[in-house]
Amino acid sequence: MLITLRNVNKVYHMESVDVPALQNVSSDIAAGEFVAIMGHSGSGKSTLLNLLGCLDKPDSGSYQLDGEEVSRLGSDALARIRNRKIGFVFQNFNLLPRTTAQENVELPLYYGAPMRGVERRERSKTLLTRLGLQDRMQHHPGQLSGGQQQRVAIARALVNQPPLILADEPTGNLDSRSADDIMALFQELNREGITIVMVTHEPDIAKYAKRVIQMRDGAIV
């Protein structure tokens, strides 16, 4: 299994109130799956995605990623795992506004193993060309449409060749045609062997996944 969760709990402490975000969550996601996580606001789906992405740690329980127990690792070790094994795609794209599309894609390469500038540029160029942005590589995010910005974000997520892509409402800021294009791209990437875990509240988007996990009140139902 690429992802193994066992009895994972997470509680947020809000002033004098404890708010359970995840309650005894157990699940397995095999390498090569395309999974959608659905649920109403407050159901725990975003908290779960943050844990899967090593952006947060559970209060109790076990999380194994690619056979490695990561739930108790320190921040430096988690950062290395994020850079090596996980690509992130966000609803708001999270691109640097004063940086070109190509430079945005190259950014994760600066935090991994040393790589020559020509190699960084070639890898980013190859990805952007594959995603149909060969004529937009030197454009800044503000000069791109929403769909084009999300393609840049996907290229950035792929640039370190991770086995796992985590997507948080990746079509939330897109029109329906752009959303369909992005989901078709995810399906293509998944067919090539990349595992994709996506949070969405839209049934029309979840249908692109191979499996749906429903959450309610911090638990898988």
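Derivation of every value follows stated rules applied to the coordinates shown; laboratory data play no part. On a predicted model such as this, the values are computed, not experimentally measured, just so you know. Cβ sites come from the backbone with ideal geometry, for glycine too, and all protein chains shown count toward neighbours.
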Proxy reagent accessibility, fewest Cβ within 10 Å first, across 144, 166: 144, 166
5 angstrom amide H check on residue 167, placed H, neighbours 5+ away: 89, 197, 198, 199
3J(HN,Hα) from dihedral phi, segment 102-118, Karplus parametrisation 6.51/-1.76/1.60, rounded to Hz, x for glycine, proline: 5, 5, 4, 5, 6, 3, x, 5, 6, 9, x, 5, x, 9, 5, x, 5
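Looking at segment 140-221, which trypsin sites (Lys or Arg not before Pro) are DSSP coil and have at most 15 other C-beta atoms within 10 Å of their C-beta?
Sparse-neighbourhood loop trypsin sites (Lys or Arg not before Pro): 207, 210.
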Distribution of pairwise C-alpha distances over segment 3-220, 5 Å bins, in %: 1, 7, 15, 18, 19, 16, 12, 7, 3, 1, 0
Mean residue ellipticity (222 nm) of the chain, computed from DSSP H runs ≥ 4 via -39,500 (n - 2.57), nearest 500: -9500 deg cm²/dmol
Magnitude of the charge dipole, the chain, Cβ model with Lys/Arg +1 and Asp/Glu -1, debye to 20: 560
Per-residue ³J(HN,Hα) for segment 3-11, Karplus 6.51 cos²θ - 1.76 cosθ + 1.60, θ = phi - 60°, Hz, x for Gly and Pro: 10, 10, 10, 9, 6, 7, 10, 9, 10
Length-normalised contact order of the chain in % [C-alpha pairs under 8 Å, at least 6 apart]: 32
Proximal charge balance of residue 176 [Cβ under 15 Å; K/R count +1, D/E count -1]: -4
Amide H contacts of residue 21 (H built 1.01 Å from N, under 5 Å, at least 5 apart or other chain): 10, 11, 12
Whole-Hz ³J(HN,Hα) from phi, Karplus 6.51 cos²θ - 1.76 cosθ + 1.60, for segment 159-172, glycine and proline x: 5, 8, 6, x, x, 10, 10, 10, 10, 9, 6, x, 10, x
Loop sites in segment 85-121: trypsin sites (Lys or Arg not before Pro), DSSP, at most 14 other Cβ within 10 Å: 98, 116
Burial ordering of 171, 47, fewest other beta-carbon atoms within 10 Å first: 47, 171
Distant-in-sequence amide H partners of residue 218 (H built 1.01 Å from N, under 5 Å): 44
For segment 1-57, diffusion coefficient by Stokes-Einstein and Kirkwood Rh (Cα), 10 °C, 1.306 mPa s, µm²/s: 128
Within-15-Å neighbourhood charge of residue 217 [Cβ basis; K, R +1; D, E -1]: +2
Net charge of neighbours whose Cβ lies under 10 Å from the Cβ of residue 120, counting Lys and Arg as +1 and Asp and Glu as -1: 0
